[in-house]
1. Sorted by average packing, counted as other Cβ atoms within 10 angstrom per residue and highest first, what order do 82-91, 53-62 take?
2. Please list log₁₀ I(q)/I(0) at q = 0.18, 0.19 Å⁻¹ for the stretch 90-153, using the Debye equation with identical point scatterers on the alpha-carbon positions.
3. Taking a ≥ b ≥ c as the square roots of the Cα gyration tensor eigenvalues, with a/c under 1.5 meaning rounded and otherwise prolate when a/b beats b/c, else oblate, which class fits the stretch 2-153?
4. With every protein chain kept in place and ligands, DNA and RNA left out, what is the accessible area per residue of the stretch 92-153? Probe 1.4 Å, answer in Å².
5. Starting from the Cα of LYS144, draw a straight line to each of the aspartates and glutamates and keep only those under 15 Å, dropping any in the same chain fewer than 8 residues away.
6. Pull up the cross-link candidates among the lysines for LYS149, meaning alpha carbon to alpha carbon under 16 Å and not fewer than 8 places away within one chain.
Amino acid sequence: MRQDVTLHKKSFHELTTDELYELLRVRSEVFVVEQNCVYQDLDGDDQQSIHLWLTVEDKVVALARVCPAGTHMKEISIGRVITTERGKGYGKQIMLHAIDAAVEHFGATLIDIEAQEYAKGFYESVGFKQSSDTFMLDGIPHIKMTWIKSANR
């Protein structure tokens with residue numbers, strides 16, 4: 001049985017308090033609890049970002065945020081990428097929507113991410129290329145990856 005996936009896309013100021021709470025709850029559940037990583041999730045970048053999430057029957061199954069240049073990173077960036085149900089293609093869907101949002105809202109021709117190193121292949125599948133050596137971020141190996149519009153969509 002196919003379940004309908006709904007895309008939600010809002011600026012921080014368009015989010016309801018219930019939506020904001022749910023996005024932050026999922027981020028904490030995955031990044032802090034599941035990955036056992038203590039870090040400052042509320043970093044001051046959410047207020048300038050575009051927030052995207054997918055739901056199936058009102059349950060968040062994937063989310064991401066698109067940050068304008070000069071907030072989280074020097075360039076336009078995508079971060080806080082999460083899927084709560086792995087292996088169903090939701091991660092790829094949310095990343096493609098996030099790339100589209102970066103182009104639509106911020107005129108992106110180049111997008112940077114700080115990817116957990118193990119996820120390199122996933123991000124390559126949506127057009128990102130490794131653009132740094134491995135570095136540690138919050139105790140987890142990461143790499144910078146870059147998407148360039150002319151080489152992709």
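The values are calculated or read from the model by the stated rules, or taken from the named source; none is laboratory data. None of these values were measured; they are calculated from a predicted model. Quick reminder, even Gly has a Cβ in these numbers, built from the backbone with ideal geometry, and neighbours come from all protein chains shown. Just so you know, the surface numbers come from the protein's heavy atoms only, side chains and all, with ligands and any DNA or RNA stripped out. Shrake-Rupley method; radii C 1.70, N 1.55, O 1.52, S 1.80 Å.
1. 53-62, 82-91
2. Rounded to two decimals, the profile gives -0.64, -0.70.
3. Rounded is the answer for the stretch 2-153, as its axis ratio a/c remains below 1.5.
4. I get 52 Å² per residue for the stretch 92-153.
5. Counting by Cα, and skipping residues close in sequence, LYS144 has these aspartates and glutamates nearby: GLU75, ASP112, GLU114, GLU117, GLU124, ASP133.
6. Partners within reach: LYS129.
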